[in-house]
Amino acid sequence: MTDTPHFPLAAVVGADELKLALCLTAIDPRIGGVLIEGPRGMAKSTLARGLADLLASGQFVTLPLGATEERLIGTLDLDAALGEGRASFSPGVLAKADGGVLYVDEVNLLPDHLVDLLLDVAASGVNLVERDGISHRHPARFVLIGTMNPEEGELRPQLLDRFGLNVALSGQTLPRQRGQIIRRRLDFDADPQAFCQLWAPEQLTLKARCETARGLLAGIELDDQSLAIITERCFAAGVDGLRADLVWLRAARAHAAWRGASAICEDDIDAVADFALRHRRREAQPPQPPAPATADHPTQPQPQASGQGEGSWGEMPAQPVPTGARRDVPSWPKKP
């Protein structure tokens, strides 16, 4: 934990849905982290830093924009490995984040291969570094928090799906809340230690609630009835793949633990539905109206059964010819 105090999560005004999603990932990191969407100036990093204080280590690590793959995963010293017979490993950001929070600001601006690597390690809890036949493995269990401003670019759907939960923050904060936010921020900046001490009872209560929920988690069954409800609703939402079902079930169990319950109920499933589906739900495509007929493209009549057997499907209906009218036979050009 750093000596610089973080703004307490308990002191954050509003953002109740995001605070709940963060607490759920602190209870069960296997949910897969949280992707926070919203415009600049919405205190996304403040909320992520506040989450670190709810974890045992309190570790908070930021992945800088423009980081290389070696900076992320660490490096192996091959000279030391050949000369001394052992792998000399220099830890990267993933090793430093073990047991805490790894915060990735503007994750949508990272190269796709780095985002893939991040999400793989977050899911497995292990970082494997290999180079020229030499490998090093170390634990990397952390809560992954990514933020993005959709106006600056989107994440590919395949990467969006890899984030467990998704929460969107609105930039329209009510005037009364805006005043509270600014006042608390000014108080924190003036004296961080005194501000954190003032909010210590609420912060300790929140931390104790998360710790109690972590203790209850293993005893809550991922039951078939809850799974059946979730799979039906995932199917109805048209989500691709099965990750939504798994994440939703784990988040519902974490929510049951958050309530102090011993089993998942439908309220737990409903409480986390939008977190699990928001970035995975496919929008229904409205039916396309038929193109209007024009002089150049008249509407074609639909084929009708003529009763003349097979092969008459494309025939045009007979047209009446007035009595006495003669049909002109076209005259072909004569040879000169």
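The values are calculated or read from the model by the stated rules, or taken from the named source; none is laboratory data. The model shown is predicted, which means the values in this text are computed figures rather than measured ones. So basically every Cβ, Gly included, is an ideal-geometry build from the backbone, and we count neighbours across all protein chains shown.
Things to note:
Conditions tested, residue by residue: (1) of a type outside the set (Asp, Glu); (2) farther than 15 Å from GLU37 by Cβ.
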| position | (1), (2) |
| --- | --- |
| ALA123 | yes, yes |
| VAL126 | yes, yes |
| VAL129 | yes, yes |
| ASP132 | no, yes |
| ARG137 | yes, yes |
| PHE142 | yes, yes |
| GLU151 | no, no |
| LEU159 | yes, no |
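- Looking only at residues in the range 202-214 that are in contact (Cβ under 8 Å) with a residue 40 or more places away in the chain and within 17 Å of GLY260 (Cα to Cα), the one that is surrounded by the most Cβ atoms within 10 Å (Cβ to Cβ) is ALA213.
- Per the conditions (1) in contact with a Leu (Cβ under 8 Å, 6 or more places away or on another chain); (2) surrounded by 13 or more Cβ atoms within 10 Å (Cβ to Cβ), the sole criterion not satisfied by GLN180 is (1).
- Being part of a loop (DSSP other than H, G, I, E, B), out of contact with any strand residue (DSSP E or B) (no Cβ under 8 Å at 6 or more places or on another chain) and modelled with pLDDT under 90 is a condition met by at least one residue of the range 84-93.
To keep it simple, each residue is scored yes or no on (1) touching a Gly at 6+ places or on another chain (Cβ under 9 Å); (2) farther than 18 Å from PRO8 by Cα; (3) outside any strand (DSSP E or B).
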residue	(1), (2), (3)
GLU130	no, yes, no
HIS136	yes, yes, no
ILE145	yes, no, no
LEU160	no, yes, yes
SER170	yes, yes, yes
GLN177	yes, no, yes
ARG184	no, no, yes
GLN193	no, no, yes
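- Taking the range 235-248 as the range and being surrounded by fewer than 22 Cβ atoms within 10 Å (Cβ to Cβ) and at negative phi as the test, the residues that pass are PHE235, ALA236, ALA237, VAL239, ASP240, LEU242, ARG243, ASP245, LEU246.
- Residues within the range 249-278 that are surrounded by 22 or more Cβ atoms within 10 Å (Cβ to Cβ) and touching a strand residue (DSSP E or B) at 6+ places or on another chain (Cβ under 7 Å), tallied: 3
- Count - residues of the range 47-61 that are surrounded by fewer than 17 Cβ atoms within 10 Å (Cβ to Cβ) and either touching a helix residue (DSSP H, G or I) at 6+ places or on another chain (Cβ under 8 Å) or at pLDDT 85 or above (or both): 1
- Leading residue by the ranking (farthest from the chain's Cα centre (by Cα)) among those in the range 202-227 that are of a type in the set (Ser, Thr, Tyr) and more than 15 Å from LYS19 (Cα to Cα): THR212
- Picking from residues in the range 98-155 that are among the polar types (S, T, N, Q) and touching a Pro at 6+ places or on another chain (Cβ under 9 Å), the one that is modelled with the highest pLDDT is ASN127.
- Filtered residues of the range 119-159 (kept if under 30 Å from GLY41 (Cα atoms), touching a residue at least 24 places away in the same chain (Cβ under 8 Å) and among the charged types (D, E, K, R)): ARG141, GLU151, GLU152, GLU154, ARG156
- Residue within the range 35-43 that is over 23 Å from the mean Cα position of the chain (by Cα), in the same structural domain as GLU154 (by TED's automatic domain parsing) and modelled with pLDDT under 90 present: no
- Selection count, the range 186-198, where residues are touching a residue at least 60 places away in the same chain (Cβ under 8 Å) and surrounded by fewer than 19 Cβ atoms within 10 Å (Cβ to Cβ): 3
- Count of the range 228-251 residues which are within 16 Å of the chain's Cα centre (by Cα) and either of a type in the set (D, E, K, R) or closer than 16 Å to LEU24 by Cα (or both): 10
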